[in-house]
Amino acid sequence: MSAVLKISNLHVNVGETPILKGVNMEIRQGEVHALMGPNGSGKSTLAYALAGHPNYTVTDGSIEIDGVNVTEMEADERARLGMFLAFQYPVVIPGVKVADFLRHAVSNIRNPDRKEGEGLIGMREFRKEIRERMNELGMDPEFARRYLNDGFSGGEKKRMEILQLAMLQPRFAILDETDSGLDSDAVRVVSEGLAKLSGPQMGVLIITHHERLLEFNPPQFTHVMLGGRIVETGDASLANELHANGYATVRARHPEAAAENAKAEAAAAV
Amino acid sequence: MSTDTPVKNDVEFGSYKYGFHDSMDNYAFKSRKGLDAQIVRQISELKNEPAWMTEFRLESLAIFESRPMPNWGGDMTDLNFQDIFYYMKAANEQETSWEDVPEEIRRTYDRLGIPEAEKKYLSGVKAQYDSEVVYGSLQEDLSKQGVIFTDTDSALRDHPELFREYFGTVIPPGDNKFAALNSAVWSGGSFIYVPKGVKIEFPLQAYFRINSQNMGQFERTLIIVDEGAAIHYVEGCTAPTYSSNSLHSAVVEIIVKRGARCRYTTIQNWSSNVYNLVTKRAMAYGDSLMEWIDGNLGSKLTMKYPAIWLMEPGARGETLSIAFAGEGQHQDAGAKMVHCAPNTSSRIISKSISKSGGRSSYRGLVKVHKDAVNCRSNVVCDALILDPASRSDTYPYIEVEEENVAIEHEASVSKIAEEQLFYLMSRGLSEAEASAMIVTGFIEPLVKELPMEYAVELNRLIELQMEGSVG
Ligand SMILES: Nc1ncnc2c1ncn2[C@@H]1O[C@H](COP(=O)(O)OP(=O)(O)O)[C@@H](O)[C@H]1O
Ligand SMILES: [Mg+2]
């Protein structure tokens, strides 16, 4: 039986400001969903809320993974249940080597009951595995010894996110604009990488403005977000339409949500 | 006073792990509490010092008394100078081998887990037990090369000319109130002389600790690195927890002559009731290199700004410091670089971590005198704040009297590590694992510079400090 990531009536505040105003979505393992929408519509907010960022407060609604309500859980508990977010802006952690960090992460995710200080996954086994994954992603093995995202180019950071995805094999992966800010070669590597990794065991939510990532990973569902709500859901053709025509027609069909989005955008610009 | 006073706070976060102390009955001598000319005279007499030193101490006392308390830095309202013992002697004889060290003192060292570092360099190690060095033996080949490595009291007795030539020349008693205090009541500390061209290959180490309640420690260290010589001196420090305030006010003077190199590494981990008010200064001459590596953990208040005066062209100075301020702790630390000559360069790297309401401040000075052209100075300070209750400040002072200089100052301050924490936790690391990893990574540039055992020890101490963060 494939598991479901179920988002019901999700309301999320940042501080006092309501950003998400009732989001519903169901993602099954093996499915690919695209999430589109203009800037400031709340896509990243949804991604952070799903991953459990402490500054994104759920004020109503719920998030369930495979029937388990995770709405109140910390980010690490969610990760151990199979949630993964590829960050739009991966964080730099100086002095922490990629391999050390990933060895901890892999140990915890594969052995969710692991207590602190208990053994990590074997060094040799881990090394072999990370080397293979890096090879598949066309990454220089030297990166394993570098500090996490420290001095990485935009493309290297995004590749590092995909490497983590490959090592952690989550049940649900959210990719927040993993393809933006990359040159076309890098977009191809990332798109192919994701296509290879996703399969019947992974439900994927792709947040994107571009076509390329979706070409390699055709979505069964496309959702359009506007003003903190999903205003339309369709199939792959909806994504194509939006790429071709932009959001004007969507805005016209949903004037209220469009107005709220415009307000949020204006507020963010101040 | 009872023996084996039960230890408070042993399990609370931020409290000191080595919460025990030895019986107070074994002190060979203990002065009465408080500070006045009579006590100062008594200290000097007990040590059989020459008249000039007695005079020096008394003049210093007068300076100390005439100076107001500093109105900057940290809160010293709880510090009562009359409630402190200024001199204690732990054992009558200075021991020369580990076996001869009194059982009780050895047990203390064992409990501190010191032997890891110590056994390796056993013959090179000097350990200070309260005010007097009770154990220390000089590695043979060092003395063959003419290196003097002894405690400062013995140096005054055994090398009077050399001692008098340099003592108090880098930090005169009038420098600041606490330097004056130290000059009046100093006891113990290390004296090192490295002759011309002698390069000591391994780090020389010393362990210091405060043992008695209300016991002030006023060690005085003097290091002279003669032309073309090289030394790496390492000093570690651990202290038991006590209920009332303790004062540590050391003075470290270093002279690095032409073409010489000196690296001075300290890791201090005072119990959370200690006032740690230290004056450290080095004078670096032509084409020499002076490096301070300074780690400050624990204490109630630390005020410490290792200084380097770049006296002649080509002199270089570097300070790498790290401060960890936990609950109830204030680390006011930094560095001073004084460019007195052309073509001198300096670098300051300062890292601080504040957690559980701790406060850390970087306070630094870069000064370039008139005509000191072509100087370069680079200052980088990073602060890591682990929770909203904690605090970090920077006070960078730059005084430049010369135009033709290059001074860079970068500060990345007040960065709450929230985003880093979330990133790691979203990959399945627990909060405790994630914060330990962030902190370890943050201090990595300093740890890399330490001798192996100290790197291990520092990481272990940080881990202990971090353990309390498990929510
Ligand atoms: N951490 C934050 N602090 C303040 N406002 C935020 C924060 N995150 C998101 N917002 C606001 O929420 C709205 C949605 O932002 P976001 O989720 O980033 O949109 P998108 O990813 O669709 O561009 C915007 O108005 C933005 O300004
Ligand atoms: Mg976004």
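Laboratory data are not the source of any read-out in this text; all were calculated from the coordinates shown. Worth saying up front: this structure is predicted, and the values here are computed from it rather than measured. Reconstructed Cβ throughout: ideal geometry from the backbone, glycine too, with neighbour counts over all protein chains shown.
Can you sort B:SER350, A:SER153 from fewest to most other Cβ atoms within 10 Å of each residue's own Cβ? Walk me through the intermediate numbers first.
Working: B:SER350 26, A:SER153 12.
Least to most surrounded, the residues fall as A:SER153, B:SER350.
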*Taking 0.36 nm per residue of separation and subtracting the Cα-Cα distance, what length does fully extending A:TYR89 through A:ASP150 add?*
20.7 nm
*Distant-in-sequence amide H partners of B:SER272 (H built 1.01 Å from N, under 5 Å)*: B:TYR16, B:SER299
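Could you sort B:277-283, B:38-44, B:336-342, B:312-318 so that the peptide with the highest average Cβ count within 10 Å comes first and the rest follow in order? Walk me through the numbers before you get to the answer.
Values: B:277-283: 24.6, B:38-44: 18.1, B:336-342: 22.9, B:312-318: 21.0.
Those peptides, ordered most packed to least, come out B:277-283, B:336-342, B:312-318, B:38-44.
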*For A:LEU35, list long-range residues whose amide hydrogen, built 1.01 Å from N in the peptide plane, is under 5 Å from its own amide hydrogen.*
A:ILE206, A:ILE207, A:THR208, A:HIS223
*Calculated from backbone phi, Karplus (6.51, -1.76, 1.60) coupling profile of the range B:147-155 in Hz, x at Gly/Pro*: 6, 9, 9, 8, 7, 5, 5, 5, 4
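Write out the trypsin sites (Lys or Arg not before Pro) in the range A:93-142 meeting two conditions: DSSP loop, and at most 14 other Cβ atoms within 10 Å of their Cβ. Can you show the working numbers first?
Values: sites: A:LYS97, A:ARG103, A:ARG110, A:ARG114, A:LYS115, A:ARG124, A:ARG127, A:LYS128, A:ARG131, A:ARG133; in loops: A:ARG114, A:LYS115.
In loop regions of the range A:93-142 (DSSP not H, G, I, E or B), the sparsely surrounded trypsin sites (Lys or Arg not before Pro) are A:LYS115.
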*Using modelled amide H (1.01 Å from N, peptide plane; none on Pro or chain starts), what sits under 5 Å from the amide H of B:HIS409, excluding residues fewer than 5 places away?*
B:VAL379
*Once the piece of chain linking B:ARG391 and B:GLU408 is laid out straight, how much longer is it, given 0.36 nm per residue of separation minus the C-alpha distance between them?*
3.7 nm
_I need the phi-derived Karplus couplings for the range B:304-321: 6.51 cos²θ - 1.76 cosθ + 1.60, θ = phi - 60°, integer Hz, Gly and Pro marked x._
7, 9, x, 10, 10, 9, 8, 8, 9, x, x, 6, 10, x, 9, 10, 10, 10
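Pairs B:LYS300/B:LYS367; A:LYS115/B:LYS355; B:LYS33/B:LYS367: which exceed 32 Å Cα-Cα? Kindly include the intermediate steps, with their values, before the conclusion.
Values: B:LYS300/B:LYS367 29 Å; A:LYS115/B:LYS355 24 Å; B:LYS33/B:LYS367 40 Å.
With Cα atoms farther than 32 Å apart: B:LYS33/B:LYS367.
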*Applying the Karplus parametrisation 6.51 cos²θ - 1.76 cosθ + 1.60 with θ = phi - 60° to the phi angles of the range A:126-133, what ³J(HN,Hα) value in whole Hz is obtained for each residue in order, glycine and proline being reported as x?*
5, 4, 4, 5, 5, 5, 4, 4
*Could you line up B:ASP294, B:ASP382, B:ASP36 from fewest to most neighbouring Cβ atoms inside 10 Å?*
B:ASP36, B:ASP382, B:ASP294
*Using the alpha-carbon centroid of each, what span in Å lies between the range A:45-61 and the range B:333-359?*
40
*Along the positive direction of the dipole of the range B:37-90 (beta-carbon charges: Lys, Arg +1; Asp, Glu -1; about the Cα centre), which of B:LEU79, B:GLN38, B:TRP52 reaches farthest?*
B:TRP52
